[in-house]
Ligand code: COA
């Protein structure tokens with residue numbers, strides 16, 4: 001999506017005056033989300049462990065005419081999360097949107113996963129989402145209600161081999177989404193999730209699918225015939241952050257071209273095959 005593109009269904013000013021924090025906002029899915037939020041007039045707080053990952057996106061946000069604040073943050077550090085929100089308030093005076101996108105993952109059989117490996121992924125994905133949500137809560141309330149969107153995954157619903165750590169952590173995030181939606185709804189804060197399938201051109205795709213050569217088989221099993229694009233995920237996030245979703249909370253939008261609803265069955269010409 002760009003300013004002069006017709007690919008967005010939303011007015012370019014739907015987030016005018018709003019401030020959004022995006023964790024992991026400089027690369028992959030996070031970059032697509034940051035871009036979409038800025039294209040629709042939000043100012044951005046870009047947070048991740050590596051400043052170098054954020055600077056190019058900050059420049060892009062500035063070129064779009066919005067302001068960008070870059071903050072180095074490991075979401076496992078709850079004090080760091082509080083400092084990130086404090087820096088956002090110091091710079092912009094408000095926070096309206098939090099996108100919990102930062103994640104960590106790698107493929108390992110569960111019986112070989114080290115305790116530190118398990119802890120690293122659960123800490124980033126589940127504890128990190130909680131840390132940032134807790135840190136931003138008061139600011140969202142004071143901005144008159146805000147929106148949190150957590151990036152989950154389709155294998156929360158199905159399970160997936162070699163990703164027990166990530167799947168369990170993301171399943172925790174899904175319940176956290178519902179729990180915070182219920183608890184913070186009366187304060188006007190909405191909490192939702194977006195669950196992408198395999199997203200092309202991302203570190204996740206390289207680490208989790210390309211490295212073991214399953215991309216073509218995966219694509220062949222997607223009813224809509226292609227992998228997810230970062231723009232697809234960003235559009236769902238944008239909708240959930242917009243006033244058009246003002247009565248939606250505690251829910252998840254799946255963005256996977258139908259990959260997770262076909263089950264084991266695949267149409268091959270005029271017959272049905274079992275997905276290998
Ligand atoms: N296979 C097996 N174990 C791995 C691993 C891999 N590819 N990568 C990390 N680990 C294990 C480490 O071996 C270590 O355990 P050990 O000390 O028992 O050996 C543990 O995980 C912590 O690793 P470390 O690199 O110290 O953690 P970190 O906090 O620096 O990194 C990770 C976090 C583990 C998530 C790392 O993979 C990472 O930084 N990834 C980049 C971001 C990412 O994953 N994006 C998501 C793509 S879907």
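What follows is calculated from the coordinates using simple rules that are stated; it is not laboratory data. If you're wondering where the values come from, they're calculated on a predicted model, not measured in any experiment. For neighbour counting, all protein chains shown are included, and Cβ atoms are generated from backbone atoms with ideal geometry for every residue, glycine included.
Histogrammed with a bin width of 10 Å, the alpha carbon distances of the range 235-276 distribute as 23, 33, 19, 21, 5 percent, first bin at zero. Packing, taken as the mean count of other beta carbons within 10 Å per residue, orders the peptides 167-177, 38-48, 204-214, 53-63 from highest to lowest as 38-48, 167-177, 53-63, 204-214.
If you wrap the Cα atoms of the range 137-276 in a convex hull and average its projected area over all directions, you get 9.6 nm².
Taking the C-alpha atoms only, the angle from helix 128-142 to the longest principal axis of the chain is near 40 degrees.
The reciprocal of the average 1/r between distinct C-alpha atoms defines the Kirkwood hydrodynamic radius, which for the range 149-226 equals 14.1 Å. Relative contact order, whole percent, for the chain stands at 17, derived from Cα pairs under 8 Å and 6 or more residues apart. Helix-only arithmetic for the chain: the sum of -39500 (n - 2.57) across DSSP H runs with n ≥ 4, divided by the residue total, places the mean residue ellipticity at 222 nm at -12500 deg cm²/dmol.
Compared with the dominant Cα axis of the chain, that is its longest principal axis, helix 230-241 is turned about 50°. Looking at the chain alone, DSSP beta bridges between its own residues are antiparallel in about 15 percent of cases. Could you list log10 I(q)/I(0) for the range 1-66 at q = 0.11 Å⁻¹, which the Debye formula gives when each Cα is one point scatterer? Taken in order of the listed q values, log10 I(q)/I(0) reads -0.22. For the range 92-208, the Kirkwood estimate of the hydrodynamic radius, built from every pair of different alpha carbons, is 14.9 Å.
Can you give me the angle between helix 28-39 and the longest principal axis of the chain, using Cα atoms only, in degrees from 0 to 90, rounded to the nearest 10? With rounding to tens, the tilt is 40 degrees. Semi-axes of the equivalent ellipsoid for the chain, computed as √(5λ) from the eigenvalues of its C-alpha gyration tensor and ordered from largest down, come to 30, 22, 18 Å.
Extent along the principal axes, Cα only, for the range 115-169: 42, 24, 9 Å, with the longest axis given first.
Sorting the segments 191-202, 245-256 by their mean number of nearby beta carbons within 10 angstrom, highest to lowest, gives 191-202, 245-256.
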